[in-house]
Amino acid sequence: MVAFGLKFVFALVAVSSTLAHPIHEVRDIRVVGRTTSAVVRRQESSGSEFTAIVEGNAAFKASDPALLKKLADEGQEPPFMFLGCSDSRVSEGTVFGAKPGTFFTQRNIANQYQPTDPNSQSVLAYGVAELGVKHIIVMGHYGCGGVAAAIASAPGANVDAANGAVQAWINPIRELLRQSSRPEIVTLRESIKGNTTVEEPEITDPGFRALVEENVKVGVGRIAQDSVIVNHYALLAANSTGTVERRSGEGGPAGDVFIHGWVYDIENGEVRDLGVSVGPPGKAIPPAPFAAVAGAAEKATAAHQAPAQTVHARCTEMCKSKRSFLPKEH
Amino acid sequence: MAKVMTSALAFAPITLWCSDSRVSEGTVFKAQPGTLFTERNIANRFSPDDLNVRSAVAYGVEDLHVKHIIVMGHYGCGGVAAAVASPPPLPWDSATVAVQQWIAPIRNVYQSSEREEVVALRRENEGKANVPAPNLHHPGFRALVEENVKNTVRALTLDSIVVESYLNTTGKSHPFWVHGWVYDIENGEVKDLGISVGPPAGGALVD
């Protein structure tokens, strides 16, 4: 039995050494093509591309080994589930300076949630039902390429597989652009009506910024209506004595889950709350940790509907917001 | 697409990584913003039926012209563990359905893998009514994490997005390589599985 164990370990070591090696070792890349394969020597320039992340990993490894060990042994218990954009500028660990173990994360183009998408739904399901996250954060960002592409004209014929995939994925945002009654988006819609060569907008375009925010809001709404959340809230309501257990390996009672919509400004790193948080019926929403997008969006809509608010009052409120859509001379 | 980028993304590989809270790529690589365009889902899967992951890869390849796609799995992956463990007893709520359906392809990898550690794990679990989730250090679990990464790399390189780019019929494709790496959550180490795939040799795209 011991001999077998040793042989097994040896075989494992032999297998590991051929299959796995630390990424900082220089190594020939085996290039496998469709009909031929060749061993290609890694060029100097390729090596330098990986340098930053290899060095970053080395620094990270040294920074908190005890935490890593603890999380490995005890498993993850993240307080947050994060739905963010794939954009390389919006990594949630970086933007929030978060330690490992904080955010259970789904990232996709334009941080979308669709109930017909098994990918994001499985993350929501696992986060709520197994990991027991307390907060679900949907975070969009100004300058989002996916939202920009939804504003730009769709490509004509001869769409290749890659383009087809992107266009299909962002189609719901095109729908949002078509249907939203938010003033900035209406303005944008009118300005591009009939134009078949619309370019992607600038990051400061108010309609673009508004669409980024509205995309987050519909995401929050869709999550709140998803059967995972509906079932979870029903479970909480049915249990008045707090003794119902959630179905997870760790057991423990099912807890409150809140859903928040935030927006990130890639130009200055600021995070803003859109003020659309949802929670279990009858429960108070915890206070927002980030300043609101000044409610300027809602107030702007209200002003549109009830022009009783004086121009001066509206301007004062807009000044309080950090949004950059104010005219330069204001 | 490049218009809205405020910084030049000279490198910016795509990472296809697990949703696990312990493996945020920005943290693990101490990466500056603008470095890693990222898709994250449970157990870093790729499927040609999944518009979510395909659109992210498509955008990275076609619009960002990334040079590398890094598929990164991690030891101790809950999705892979769940693919070994027995499914929970019926009735299933919608959350369980969602998760079980998502990891079903990994169950296939587990059942069909010929790698000896995985075979050993299967033998160990044979006949058990309730197979538990495996331990982080179990060699079979670690091997299955690696096989799952390889499966993702394979599925990715067979996808029409990659095939069309490698065939380069328009002459405008940019070369890129697909790599499979594994992250060890216990100590932060990253290992290359040595299964990198690139454009066909002899074709116009060889770097």
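Just checking, does the range B:126-135 include any residue being buried (at least 16 other Cβ atoms within 10 Å of the Cβ) and over 23 Å from the mean Cα position of the chain (by Cα)?
Yes, some residue in the range B:126-135 is buried (at least 16 other Cβ atoms within 10 Å of the Cβ) and over 23 Å from the mean Cα position of the chain (by Cα).
Kindly evaluate A:E199 against the criterion of being touching a helix residue (DSSP H, G or I) at 6+ places or on another chain (Cβ under 8 Å), in a helix (DSSP H, G or I) and at pLDDT 90 or above. Walk me through how you get there before you give the answer.
Details: touching a helix residue (DSSP H, G or I) at 6+ places or on another chain (Cβ under 8 Å): yes; in a helix (DSSP H, G or I): no; at pLDDT 90 or above: yes.
Spelling it out, it is not the case that A:E199 is touching a helix residue (DSSP H, G or I) at 6+ places or on another chain (Cβ under 8 Å), in a helix (DSSP H, G or I) and at pLDDT 90 or above.
Can you tell me how many residues within the range A:66-106 are over 23 Å from A:G145 (Cα atoms) and part of a loop (DSSP other than H, G, I, E, B)?
Going through the range A:66-106 one residue at a time, the tally reaches 11.
Kindly evaluate B:A104 against the criterion of being open to solvent by 20 Å² or more (accessible area, probe 1.4 Å), in contact (Cβ under 8 Å) with a residue 40 or more places away in the chain and part of a helix (DSSP H, G or I). Break it down into steps so the answer makes sense when it comes.
On the way: open to solvent by 20 Å² or more (accessible area, probe 1.4 Å): yes; in contact (Cβ under 8 Å) with a residue 40 or more places away in the chain: no; part of a helix (DSSP H, G or I): yes.
When the stated conditions are applied, B:A104 does not pass them.
I'd like the full set of residues that are more than 7 Å from chain B (Cβ to nearest Cβ) and under 18 Å from A:Q112 (Cβ atoms), limited to the range A:73-86. Outline the logic, then answer.
Going residue by residue through the range A:73-86, those that are more than 7 Å from chain B (Cβ to nearest Cβ) are A:73-75, A:77, A:79-85.
A:M81, A:F82, A:L83, A:G84, A:C85, listed by residue number.
Out of all the residues in the range B:43-95, which are open to solvent by 10 Å² or more (accessible area, probe 1.4 Å) and of a type in the set (S, T, N, Q)?
Matches in the range B:43-95: B:S47, B:S86, B:S94.
Can A:A110 be described as among the aliphatic types (A, V, I, L, M) and at positive phi?
On the way: among the aliphatic types (A, V, I, L, M): yes; at positive phi: yes.
Considered against the rule, which asks whether it is among the aliphatic types (A, V, I, L, M) and at positive phi, A:A110 comes out as yes.
Identify, please: which residue in the range A:194-223 is aliphatic (A, V, I, L, M) and surrounded by 18 or more Cβ atoms within 10 Å (Cβ to Cβ) and is, among those, nearest to A:D273 (Cα to Cα)? Before the answer, list the steps.
At the first step, the residues of the range A:194-223 found to be aliphatic (A, V, I, L, M) are A:198, A:203, A:210-212, A:216, A:218, A:220, A:223.
Filter once more, keeping what is surrounded by 18 or more Cβ atoms within 10 Å (Cβ to Cβ): A:203, A:210-212, A:216, A:218, A:220, A:223.
Values: A:I203: 19, A:A210: 14, A:L211: 15, A:V212: 13, A:V216: 11, A:V218: 14, A:V220: 12, A:I223: 17 Å.
Going through the qualifying residues, I end up with A:V216.
Within the range B:160-176, restricting attention to residues that are hydroxyl-bearing (S, T, Y) and not in a loop (DSSP other than H, G, I, E, B), which residue is nearest to the other protein chains (Cβ to nearest Cβ)? Talk me through it step by step, then tell me what you get.
Filtering the range B:160-176 down to residues hydroxyl-bearing (S, T, Y) leaves B:160, B:165-166, B:169-170, B:173.
Next, only the ones that are not in a loop (DSSP other than H, G, I, E, B) stay: B:160, B:165-166.
Numbers: B:S160: 4, B:S165: 7, B:Y166: 7 Å.
Top of the filtered list is B:S160.
Whether any residue in the range B:180-190 is of a type in the set (A, V, I, L, M, F, W, C), more than 18 Å from B:L16 (Cα to Cα) and within 10 Å of chain A (Cβ to nearest Cβ) is what I want to check. Outline the logic, then answer.
Kept after step one, since they are of a type in the set (A, V, I, L, M, F, W, C), are these residues of the range B:180-190: B:181-182, B:185, B:190.
Going one step further and asking which of them are more than 18 Å from B:L16 (Cα to Cα), we end up with none.
No, the conditions are met nowhere in the range B:180-190.
Of all residues in the range B:82-99 being within 9 Å of another protein chain (Cβ to nearest Cβ) and of a type outside the set (V, I, T), which is farthest from B:R154 (Cα to Cα)? Working first, answer last.
Narrowing the range B:82-99 to residues within 9 Å of another protein chain (Cβ to nearest Cβ): B:82, B:88, B:93-99.
Then drop every residue that is not of a type outside the set (V, I, T), which leaves B:82, B:88, B:93-95, B:98.
On the way: B:A82: 22, B:P88: 30, B:D93: 32, B:S94: 30, B:A95: 28, B:A98: 24 Å.
In this case the residue turns out to be B:D93.
Quick one: which residue in A:P118, A:P100 is without any contact (Cβ under 8 Å) to a residue 12 or more places away in the chain, within 8 Å of another protein chain (Cβ to nearest Cβ) and out of contact with any strand residue (DSSP E or B) (no Cβ under 8 Å at 6 or more places or on another chain)? Reasoning before the result, please.
On the way: A:P100 fails: without any contact (Cβ under 8 Å) to a residue 12 or more places away in the chain.
Answer to the check: A:P118.
Determine whether B:V28 is within 7 Å of another protein chain (Cβ to nearest Cβ), open to solvent by less than 10 Å² (accessible area, probe 1.4 Å), modelled with pLDDT of 90 or more and in contact with a Pro (Cβ under 8 Å, 6 or more places away or on another chain). First the steps, then the outcome.
Details: within 7 Å of another protein chain (Cβ to nearest Cβ): yes; open to solvent by less than 10 Å² (accessible area, probe 1.4 Å): yes; modelled with pLDDT of 90 or more: yes; in contact with a Pro (Cβ under 8 Å, 6 or more places away or on another chain): yes.
Spelling it out, B:V28 is indeed within 7 Å of another protein chain (Cβ to nearest Cβ), open to solvent by less than 10 Å² (accessible area, probe 1.4 Å), modelled with pLDDT of 90 or more and in contact with a Pro (Cβ under 8 Å, 6 or more places away or on another chain).
Would it be correct to say that A:S120 is closer than 24 Å to B:V57 by Cα and either at pLDDT 95 or above or under 15 Å from the mean Cα position of the chain (by Cα) (or both)? So that I can check it myself, show each step before the final result.
Values: closer than 24 Å to B:V57 by Cα: yes; either at pLDDT 95 or above or under 15 Å from the mean Cα position of the chain (by Cα) (or both): yes.
Answer is yes for this residue.
Give the residues of the range B:137-154 that are in a helix (DSSP H, G or I) and more than 11 Å from B:V71 (Cα to Cα), sorted by residue number. Steps first, answer last, please.
Step one: of the range B:137-154, the residues in a helix (DSSP H, G or I) are B:139-154.
B:P139, B:G140, B:F141, B:R142, B:A143, B:L144, B:V145, B:E147, listed by residue number.
I'd like to check something: does the range A:140-154 contain any residue that is touching a helix residue (DSSP H, G or I) at 6+ places or on another chain (Cβ under 9 Å), within 18 Å of A:F258 (Cα to Cα) and more than 9 Å from chain B (Cβ to nearest Cβ)?
There is at least one residue in the range A:140-154 that is touching a helix residue (DSSP H, G or I) at 6+ places or on another chain (Cβ under 9 Å), within 18 Å of A:F258 (Cα to Cα) and more than 9 Å from chain B (Cβ to nearest Cβ).
Which of the residues that make up the range B:1-25 are over 30 Å from B:A98 (Cα atoms), among the small types (G, A, S) and either modelled with pLDDT of 85 or more or outside any loop (DSSP other than H, G, I, E, B) (or both)? Give the steps one after another, and end with the answer.
The first filter runs over the range B:1-25 and keeps only residues over 30 Å from B:A98 (Cα atoms), leaving B:1-12.
Remaining after also requiring among the small types (G, A, S): B:2, B:7-8, B:10, B:12.
Within the range B:1-25, B:A2 is the sole residue that qualifies.
Which of the residues belonging to the range B:34-60 are within 7 Å of another protein chain (Cβ to nearest Cβ), in a loop (DSSP other than H, G, I, E, B) and in contact (Cβ under 8 Å) with a residue 24 or more places away in the chain? First the steps, then the outcome.
Pass one, the range B:34-60, residues within 7 Å of another protein chain (Cβ to nearest Cβ): B:34-42, B:50-56, B:58-59.
From the residues that got through so far, the ones that are in a loop (DSSP other than H, G, I, E, B) too are B:34-36, B:50.
Residues satisfying the conditions are B:G34, B:T35, B:L36.
The values are calculated or read from the model by the stated rules, or taken from the named source; none is laboratory data. Computed from a prediction, not measured in an experiment: that's the story for all the values here. Counting neighbours? That spans all protein chains shown, and the Cβs are built from the backbone with ideal geometry, glycine included. To get the accessible areas, we keep the full protein, side chains included, count just its heavy atoms, and leave off ligands, DNA and RNA. Shrake-Rupley method; radii C 1.70, N 1.55, O 1.52, S 1.80 Å.
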